[in-house]
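Trainee: My structure is below; once you've seen it, I'll send some questions.
The values are calculated or read from the model by the stated rules, or taken from the named source; none is laboratory data. All of these numbers come straight from a predicted model, not from anything done at the bench. Heads up, the Cβs are rebuilt from the backbone with ideal geometry, glycines too, and the neighbour counts pull from every protein chain shown. Accessible surface is based on the protein model in full, side chains and every heavy atom, while ligands, DNA and RNA are left aside. Shrake-Rupley method; radii C 1.70, N 1.55, O 1.52, S 1.80 Å.
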Amino acid sequence: IDAPWPCVAVRGAEINKEERWPVVAFSHGSGAYRASYAFWTEHLASHGYVVCACDHPGSARFTVVDGQVITPGGERSKRSRMESDRVADVKVVLDGVIDDLGDAVDADKCAVTGMSFGGWTTAAYCERNDPRIKAAVLMCPSLAMSDAGKLSKGHTS
């Protein structure tokens, strides 16, 4: 589970602190996990974005939390719980990267992106009106399936 994933990105790479880099938070689709979309996150990183992506416990094929492997099922995998947890996960990951990298990132130039259920997560996070978010890319978002389809009927942000 902790084995390297075949990709070109380098986890924990040295960052050029002479510039301030925009941050993009990525949310995966249901049943996938962050490495499933390396093609997209690496593409963004290759264009100068600091990319952060989490696994959404209960919604990911698997994830590891405090050394424990978590697979879908149980309370975490109930739709309403996944919907609330996913939006909170994006904030935690975005805040963590900004806090960890400090002045190396431009916290006023952030974006969120996601695929399928992650696209819905992206839209739902945008509804929070986080002033740091300047762009969003929703890829095949499951707007009609999640949150009783409320986001497909209109939005507040």
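Trainee: Could you work out which residue, out of Ser80, Ser30, Ser142, moves most in a Gaussian network model of the chain, that is, has the largest mean-square fluctuation with Cα springs under 10 Å?
Mentor: Sorting by GNM fluctuation, first place goes to Ser80.
Trainee: Here is a follow-up. So which lysines can Lys78 reach, going by Cα to Cα under 30 Å and dropping same-chain residues fewer than 8 places off?
Mentor: Leaving aside lysines fewer than 8 places away in the same chain, those within reach of Lys78 are Lys91, Lys150, Lys153.
Trainee: Here's another thing I want to ask about it. Taking only DSSP H segments of four or more residues, each worth -39500 (n - 2.57), what value at 222 nm results for the chain once the sum is divided by all its residues, to the nearest 500 deg cm²/dmol?
Mentor: Only helices count here, giving -9000 deg cm²/dmol.
Trainee: With charges set only on the Cβ (+1 for Lys and Arg, -1 for Asp and Glu), what does the dipole of the range 45-134 come to about its Cα centre, in debye to the nearest 20?
Mentor: Roughly 460 debye for the range 45-134.
Trainee: Among His47, His28, His56, which one moves the most in a GNM of the chain with springs linking Cα atoms closer than 10 Å?
Mentor: His47
Trainee: What's the local net charge at Ala144, with K and R +1, D and E -1, over the other residues with C-beta under 15 Å away?
Mentor: That works out to +1.
Trainee: In addition: Tally Lys and Arg at +1 and Asp and Glu at -1 over the other residues with C-beta under 14 Å from the C-beta of Glu127: what net charge comes out?
Mentor: +2
Trainee: Choose one answer from Asp103, Asp95, Asp66: the residue with the largest mean-square fluctuation in a GNM of the chain with alpha-carbon springs under 10 Å.
Mentor: Asp66
Trainee: Could you report the chain's accessible area per residue, 1.4 Å probe, as an integer in Å²?
Mentor: Ligands and nucleic acids excluded, the figure is 56 Å² per residue.
Trainee: Evaluate the charge dipole of the chain about its Cα centre and quote only its size in Debye, nearest 20, assuming +1 on the Cβ of each Lys and Arg and -1 on the Cβ of each Asp and Glu.
Mentor: 680
Trainee: Specify whether the C-alpha gyration tensor of the chain places it in the rounded, prolate or oblate class, a ≥ b ≥ c being the square roots of the eigenvalues: rounded for a/c under 1.5, otherwise prolate if a/b is larger than b/c and oblate if not.
Mentor: Taking the square roots of the gyration eigenvalues as a ≥ b ≥ c, the chain is oblate.
Trainee: Along the charge dipole of the range 77-153, pointing to its positive end and built from +1/-1 on Cβ of Lys, Arg, Asp and Glu, which listed residue (Gly119, Met145, Val105) has its Cα farthest out?
Mentor: Met145
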